Amino acid sequence: MAKKTIKRTTTPRTAAKKTAAVPASVTARSVALAGIGAGVSAIERAQGEAMKVYSTIAKQADALRSMTAEATETLLAKTGMFVREGKKIQHKAAVTAQQQANEAAKEVESFAKKSQKALKQNVSETIDAAVANAKEGVTHLEHVFETRVARTLNTFGVPSAQNVRDLQARMAELQKALNQLNRRGVGV
């Protein structure tokens, strides 16, 4: 194999010679300044990136605030709508309950009137039946009393009311017959 030779533009001796020719204070200073420049440049880049990040965060925070405000307004509107609907439902329920209560009251009143009529009818019938029973009892008692009095009077020879009535009827017939005879001129 063939060896490749690499050409060097500067040999290690020439680089060392150039470095040795520059004073050490200039080199340290240049390195320090270069380091400070690099640090400042890095800080400036970091600040620029930080500003970009902050700007992005601020934009996203504004967008989030806007979305939150919109969501809050939407939620508030929906809540208001729900409250209004709830009040409507509550009002309808109250009206319905009042109507049902009124209907129930009317039914109870109607039932009470019917019951009152039926009760009056029952009481009236019961009173009528009691009066009829009392009259019947009194009539029966009168009959029993009259029968016993008549027996007692008959025992003592006193004519009964019927006997007196029969006698009065017979006397009225005899009076008529007597009056007819007197008209004919028959003297008695």
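Residues that are modelled with pLDDT of 85 or more and not β-branched (Val, Ile, Thr) within the stretch 138-147 comprise His140, His143, listed in sequence order. Condition first: under 45 Å from the mean Cα position of the chain (by Cα), in a helix (DSSP H, G or I) and not aliphatic (A, V, I, L, M). Can you find one or more residues in the stretch 50-60 that meet it? There is no residue in the stretch 50-60 that is under 45 Å from the mean Cα position of the chain (by Cα), in a helix (DSSP H, G or I) and not aliphatic (A, V, I, L, M). If we scan the stretch 75-90, do we find a residue that is under 41 Å from the mean Cα position of the chain (by Cα) and polar (S, T, N, Q)? Yes, some residue in the stretch 75-90 is under 41 Å from the mean Cα position of the chain (by Cα) and polar (S, T, N, Q). Screening the candidates Val138, Val83 for the property of being under 30 Å from Ala161 (Cα atoms) and either in contact with a strand residue (DSSP E or B) (Cβ under 7 Å, 6 or more places away or on another chain) or assigned to a helix (DSSP H, G or I) (or both) yields one hit, Val138.
The values are calculated or read from the model by the stated rules, or taken from the named source; none is laboratory data. Predicted model, so just to flag it, every value in this text is computed and none were measured. Positions of Cβ are backbone-derived with ideal geometry, glycine not excepted, and every protein chain shown enters the neighbour counts.
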